[in-house]
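First the structure, in the form of C-alpha cells, and then the observations on it.
The values are calculated or read from the model by the stated rules, or taken from the named source; none is laboratory data. None of the values given here were measured: they were computed from a predicted structure. Here Cβ is always computed from backbone atoms with ideal geometry, including for glycine, and neighbour counts include all displayed protein chains.
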Amino acid sequence: MGVGTVRFGTELLKSRLLAFAGEEPYPKLSFVKETSFMDKMVALCKRRGFIFPSCEIYGGLAGVWDYGPLGVELKRNIKEYWWVCMTQYRDDIVGLDSAILTHRAVLQASGHEGQFVDELVECKECHSRFRTDELGAVFCPLRPKFHPGQCGAPLTEPRRFHLLFKTQLGPVEESAETVYLRPETAQGIFVQFRNVLEVSRKKLPFGIAQIGKAFRNEVNPRHFTFRSREFEQMEVEYFVKPGTGLELLERWKEERLAWYESLGLPRSKIRVRDVPESERAFYSQKTYDLEYEFPFGTHELEGIAYRTDYDLVQHARGSGKPLDYFDEETQTRFVPHVIEPSGGVDRTVLALLCEAYNEEEVKEDGERGKEVRTVLRLSPRVAPIKVGVLPLLRNRPELVAKAQEVASWLRRFYKTAYDEAGSIGRRYRRMDEIGTPFCVTIDFETLEGVRSGPLAGRRNTVTVRDRDTMAQERVAIEDLLEYLAQKVSPGIGGFFVPREGNQGLGKSWPA
C-alpha cells in the first residue's frame with residue numbers, strides 16, 4: 001500500500017482521500033462541484049495526450065507519470081532548447097550523459113547515503129504520512145480545511161525517511177553489490193570532471209551540462225507533476241576560480257531569468273528568492289531559487305547554487321584521485337569552485353502549461369453565436385505541433401489531396417498535424433486546445449485562384465490562421481516556409497530556410 005493510502009468502505013470516499021493525500025494521480029473531477037483551474041488543466045493533459053498516470057490500468061503509481069504523444073514533444077522541445085542554449089550558443093559548456101545507476105561510494109562521498117533523509121509523521125487516525133517541514137502547506141485528507149495535527153487527530157513522533165532508491169547489481173541477490181538510482185544528475189558530472197577536462201581542453205570558467213532522470217522516494221508527492229518520485233533535471237556544473245563565484249552567480253541568475261522569459265513565462269510571475277543561510281546546504285555560500293507563481297502557490301522552478309569546492313574535494317577524498325585544476329597563467333594548482341543552475345524539466349513543462357492555459361468567449365468568422373474556447377498559448381518555440389494542415393471540406397477529394405500534399409511537404413521542416421474530421425471550426429478548436437500556433441487551410445481559392453486582394457487571380461495559396469488572434473492571412477504556398485520561419489524560432493522543432501532555399505522548394509508548386 002502506498003504512502004497515505006487508507007482503506008474505507010466506499011470507493012468515493014477512498015478516491016477523494018487519495019486525491020487529497022497526493023496518492024491519486026488524477027483528481028476525481030466528478031466529485032467536485034466547481035472545477036478548479038488545476039482540475040481543468042489536468043483533465044486537458046489527459047484528454048489531449050500530454051500526461052497520463054503511469055500504469056493507470058493497474059491503478060497507477062503514486063508520484064510517477066508518463067508523457068503522451070503531445071507531452072513528449074513539448075518536453076523534448078524544452079530540453080532541446082535548453083541544450084542548444086547551453087552547448088551550442090556558447091563555447092564554455094560541454095555535454096555529458098552519465099549513468100543512472102550510481103556506485104554506492106559516490107553517494108557516500110557526497111553525503112547522500114547518510115544525510116539524504118526527510119523527517120515524516122503519520123496521522124494515527126487516517127495513517128496518511130507527511131513531511132514535518134511541510135505540515136503547514138498540506139491539508140488533512142479527512143478534514144481538508146485543516147492542516148495535519150490541527151484537525152483533532154494525533155500525529156506520531158517524527159522519524160527519518162530515506163529518499164534514495166536502492167537496488168542490487170548482480171545475478172544473485174545474496175552476493176549482489178548495492179547501488180542506487182541517482183537522486184540528482186550532478187554527482188555524475190563531478191566524478192567525470194577529470195575525464196571531461198582532459199578531452200575538452202577547456203579553461204576556467206567552463207561548464208558541464210547534463211539532462212537526465214533522477215529518482216527520490218518522496219514522502220508525499222503532490223501537485224500533479226510538480227513533486228514526483230521520478231523526474232528529469234537540466235543541470236550545469238559551472239567550474240570557476242575561487243573568489244569569482246559570487247560575481248558569476250549573479251550573471252547566471254540573470255541569464256536563467258531571461259531563458260524562462262524566452263519560453264513564455266513572464267518575469268512578473270517569477271520570484272527570485274535569496275535563500276537564507278539557515279535553509280542553504282552548509283557548503284553553499286549563496287543560493288537563489290527562481291520561484292514561479294503556480295495556481296497552487298509559489299514554488300521553486302530552478303535553484304542556482306554556489307557550491308564552492310565541496311563536491312570535488314569530497315570525491316577526491318573518497319576516491320583518492322586528484323580532482324584539481326592547473327592554471328597555466330599563474331602556474332598554480334587548485335580545486336575549482338562550482339556554480340550550479342539546476343532546473344526541473346517536468347516543473348518547466350507544468351509551469352508552461354499553467355501559464356498557457358486559457359479560456360475565453362469568442363466568435364469566429366462563419367460561426368453562429370459565441371462559445372468558450374480553450375486555448376494553450378504556448379510559445380511557437382516549444383509548442384508540440386507547429387503547424388496544422390486542414391482541408392476546408394473532407395468530402396472534396398481535390399481539397400483533401402492538396403492538403404495532404406502540403407502537409408507532407410511541411411513535415412520535412414516542422415512538426416505538422418493533418419486533420420480533416422469535423423467542421424473547420426471544430427478542427428480549429430482542437431488545434432487551439434493543444435497549442436498549435438498556426439493552421440494552414442486549403443480552400444477552393446487554393447485551387448481556383450484568389451478572388452480579391454493582393455494575390456487576386458493567383459492559385460496555390462492558403463490561409464494561415466494565428467492561434468492567439470484567430471486572424472487569417474492569405475499566403476502563397478511557395479512563400480509559406482519563409483512566413484513560418486519568421487514566426488517559429490529556428491533550431492527548435494524546425495529550422496530557418498534561406499530565401500534561395502525557399503525558391504527551390506517552391507518550384508514544386510506550379511503557379
Hits in the range 473-489 - residues which are in a helix (DSSP H, G or I) and among the acidic types (Asp, Glu): Glu478, Asp479, Glu482
Which numbered condition Gly369 misses (of (1) at pLDDT below 95; (2) in a helix (DSSP H, G or I)): (2)
Hits in the range 201-230 (condition: farther than 30 Å from Val121 by Cα and not in a loop (DSSP other than H, G, I, E, B)): Phe206, Gly207, Ile208, Ala209, Gln210, Ile211, Gly212
Exclusive hit being among the hydrophobic types (A, V, I, L, M, F, W, C) and in contact with a Ser or Thr (Cβ under 9 Å, 6 or more places away or on another chain), set Leu301, Leu312: Leu301
Residue within the range 349-361 that is part of a helix (DSSP H, G or I) and more than 25 Å from Arg429 (Cβ to Cβ) present: no
Output for the range 303-327, where each listed residue is touching a helix residue (DSSP H, G or I) at 6+ places or on another chain (Cβ under 6 Å) and within 30 Å of Tyr357 (Cα to Cα): Ile304
Filter pass, Glu355 being touching a residue at least 24 places away in the same chain (Cβ under 8 Å) and buried (at least 16 other Cβ atoms within 10 Å of the Cβ): yes
Contacts under 9 angstrom Cβ, first residue in the range 392-417 being more than 16 Å from Thr446 (Cα to Cα), partner surrounded by 16 or more Cβ atoms within 10 Å (Cβ to Cβ) and of a type in the set (Asp, Glu), 6 or more apart: Lys415/Glu73
Residue in the range 264-323 that is nearest to Ser36 (Cα to Cα), counting only those that are in a strand (DSSP E or B) and among the aromatic types (Phe, Trp, Tyr): Phe294
Residue match in the range 404-416 (condition: part of a helix (DSSP H, G or I), of a type outside the set (A, V, I, L, M, F, W, C), outside the structural domain of Leu352 (by TED's automatic domain parsing) and more than 17 Å from Leu481 (Cβ to Cβ)): yes
Positions within the range 417-436 being outside any helix (DSSP H, G or I) and under 22 Å from Ser379 (Cα atoms), in sequence order: Ala417, Tyr418, Asp419, Ile434, Gly435, Thr436
Sole exception among (1) under 26 Å from the mean Cα position of the chain (by Cα); (2) not in a helix (DSSP H, G or I) for Pro454, by number: (1)
Filtered residues of the range 162-200 (kept if in a loop (DSSP other than H, G, I, E, B) and under 19 Å from Val335 (Cβ atoms)): Gln192
Every residue from the range 309-344 that is β-branched (Val, Ile, Thr), crowded, with 21+ Cβ neighbours inside 10 Å and out of contact with any Lys or Arg (no Cβ under 6 Å at 6 or more places or on another chain): Ile339
